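The block underneath contains the structure these notes are about, expressed in structure tokens.
Since every read-out is calculated from the coordinates, none of them should be taken as a lab result. Keep in mind that this is a model prediction, so the values were computed, not measured. A quick note on method: Cβ atoms are made from the backbone with ideal geometry, for glycine too, and the neighbour counts reach across all protein chains shown.
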Amino acid sequence: HLMSQLADILQSRSWSGLGLQLPPYSMDTRGNAGGGQGAQSPRQPDQLFPLLSESKTAFVIHDLSNHGENISDLFRSSLQYYNAYQGDKYHENNNTLGFINLSTSENKLCIDLMTKRLSRSDMNCTEDALLQYPDWRGQPFLWEEVARFLTYYCKAPAPLDPENVVVLNGCCSVFCALAMVLCDAGVKVFLIPTPFYSGLALTSRLYTKIELFFIHLDSELTGENTRPFQLTVDKLEQGLHEARLKRKKVRGLVLINPQNPLGDVYSRDSLMEYLEFAKRHKLHVILDEIYMLSVFDKSITFHSVLRMESLPDPNRTHVIWGTSKDFGISGFRFGTLYTHSKEVAAAVSSFGCLHGISGTTQHNLCRLLQDRDWIDKMYLPTNHSRLQEAHKYIADKLKALKIPFLNHGSGLYIWINLKKYLDPCTFENELVLHHRFLDNKVVLSCGKSYMCKEPGWFRLVFAETILHLDPLAMHWFCEALQEQKKELV
């Protein structure tokens, strides 16, 4: 099942037990990067990931339940490099030896616009109602505005019903809640194509062990594959058949559109085929559309399922969206569910008692989503222009290095093929290359963390202002590849 597969992943990263045995590599091989305050004293490698003492280890094992140990181990191991980055961020003046994060999918290109908009006077509100417990589904004014917002930007054929909206503190919270109310842990599973955003696998295990059954896609072009990692109904049928052969009861299908990490944008016809497949087999479909407004290539049209006039099975079709990616405000912690099923909406809304959003944040989000004039005339055009510019910057660098990549014109990231730097091309050597980047203070996401069946793929996030302010990020990236190449000779 998924936990054992994730455990294999963690083991393959040389993490075992409670994450106390760390990968044998130095995190401080770089000298002064130039600029800033000059050379800084290098830290000892063991200062980056401080080990728990034996007494602390015993304390953890003694006090936690089995499930507590599992999730503590899983999250600590999975977030180890992210936590290292948080404690040692690159800064052009204050920390020239810090990590540059090209791993976390955050849009930092329009922070100037967003901070200016959020500083306006209409954002300042401390009404009594905002300081007290709200409806667990969220403040009525917010889910009413979310319904109007999604109607407008998803181009829904009719106004969406606010009663079908639930808001929680992030899209992963929504997915976790939705998975729990739709699927019996240990009994039924969700199908999901790989590679996919690994946060879904982590959050599905947080409260109960909801299993995701992988449908592995290939990069090789064949008669069936007209493009790399293409999802077809035949592959969905095959995945469903394999799950049933393993005595898995399939409850639903999870799709991400635009896809993360591939960047694919599903066509309307493809979406309809996937939905009809699900209806034939009486499966729920969870659509994560968190990047729907981050399609910056004008030749690509994004089709939300909420745009379809007639859904094959509306009560089993559920859409997730949030502001973290499209608006670059991941710190706001906002995610929303739109479902035609009143029963599902009521069940998911009960999670608001644990995963609700503060009243003042809900007010600010409502004001932001209401400002269509600013969004349409200022924010979206500027954001798309900057995304396109940043994407071109990285794409040109990759082309110069003769590194293949998937070019889909959406999202905040590029899926790059570094197989030529692995000899042999194995997941063990993918990890070696991952460490090589870390040695050079660059944080990337390796393909195995997205459950990719092929070693050698990495996700590189380009929506980072550092790429334009300073060429250092790609310089360190290239240095890591040069070092790796020397090892192959």
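For TYR413, the residues whose modelled amide H falls within less than 5 Å of its own, excluding neighbours fewer than 5 places apart on the same chain, are PHE462.
The alpha carbon centroids of the stretch 87-163 and the stretch 376-417 are separated by 23 Å.
Residues whose amide H lies under 5 Å from that of VAL250, counting only those 5 or more places away or on a different chain, are VAL189; hydrogens are built 1.01 Å from N in the peptide plane.
Once C-alpha pairs closer than 8 Å and six or more residues apart are averaged by separation and normalised to the residue number of the stretch 122-375, the relative contact order reads 30 percent. Scanning residues 5 or more positions from ASP288 or on other chains, those with amide H under 5 Å from its amide H are LEU255, ILE256, ASN257, ILE320, with H placed 1.01 Å from N in the peptide plane. Model label sites at LEU130 and ASP269, defined 7 Å from Cα along the beta-carbon direction, differ in position by 4.9 nm. Legend: ranking of residues THR336, THR203, THR194 from fewest to most surrounding C-beta atoms inside 10 Å; resulting order THR194, THR203, THR336. Considering only alpha-carbon pairs that sit under 8 angstrom and 6 or more positions apart, the relative contact order computed for the chain is 21 percent. So how far, in whole Å, is the C-alpha centre of the stretch 164-207 from the one of the stretch 310-328? Result: 13 Å between the Cα centres. Fewest neighbouring Cβ atoms within 10 Å first, the residues SER72, SER449 line up as SER72, SER449.
Here the extension length gained between LYS392 and ASN83 equals 108.3 nm, from 0.36 nm per residue of separation less the Cα-Cα distance. When the trypsin sites (Lys or Arg not before Pro) in the stretch 288-392 are filtered for DSSP coil states and for at most 11 other beta-carbon atoms within 10 Å of their beta-carbon, the remaining sites are LYS298.
The simple Förster model, with R0 at 22 Å and r as the Cβ-Cβ distance, assigns ASP122 and ASP297 a FRET efficiency of 0.10. Only helices enter this figure: runs of n ≥ 4 DSSP H residues, each worth -39500 (n - 2.57), summed and divided by the residues of the chain, yield -11500 deg cm²/dmol at 222 nm to the nearest 500. Taking other C-beta atoms within 10 Å as the exposure proxy, TRP143, TRP374, TRP136 rank TRP374, TRP136, TRP143 from fewest upward.
Working note: Karplus 6.51/-1.76/1.60 with θ = phi - 60° gives the stretch 94-99 the couplings 9, 7, 6, 9, x, 6 Hz, where Gly and Pro are set to x.
When the charge dipole of the chain is built from unit charges on Cβ atoms (+1 for Lys and Arg, -1 for Asp and Glu) and taken about the Cα centre, the candidate among ASN93, GLN370, VAL305 whose Cα reaches farthest toward its positive end is VAL305. Phi-derived couplings, Karplus 6.51 cos²θ - 1.76 cosθ + 1.60 at θ = phi - 60°, listed residue by residue for the stretch 385-390: 5, 6, 4, 4, 5, 5 Hz, with x used for Gly and Pro.
Looking at the chain, the DSSP beta bridges with both ends there are about 50 percent antiparallel. Length gained on full extension, ALA185 to SER350: 57.6 nm, using 0.36 nm per residue less the C-alpha separation. Look at the dipole of the chain built from charges on Cβ: of LEU217, TYR379, ALA346, the Cα furthest out on the positive end belongs to LEU217. Approximating the spin labels as points 7 Å out from Cα along Cα→Cβ, the LEU401-to-LYS485 distance works out to 1.0 nm.
Using 0.36 nm per residue and subtracting the Cα-Cα separation, the extra length available between LYS420 and GLU144 on full extension is 94.2 nm. Using R0 = 51 Å, the C-beta based FRET efficiency linking ASN70 and GLU220 works out to 0.90. Other residues with beta-carbon under 12 Å from the beta-carbon of PHE462 carry, at +1 per Lys or Arg and -1 per Asp or Glu, a net charge of +1.
Projected onto planes of every orientation and averaged, the convex hull of the alpha-carbon atoms in the chain covers 24.2 nm². In this structure, the pairs whose alpha-carbon distance is over 31 Å, taken from LYS392/LYS453; LYS108/LYS397; LYS155/LYS342; LYS209/LYS399; LYS392/LYS486; LYS248/LYS342, are LYS209/LYS399.
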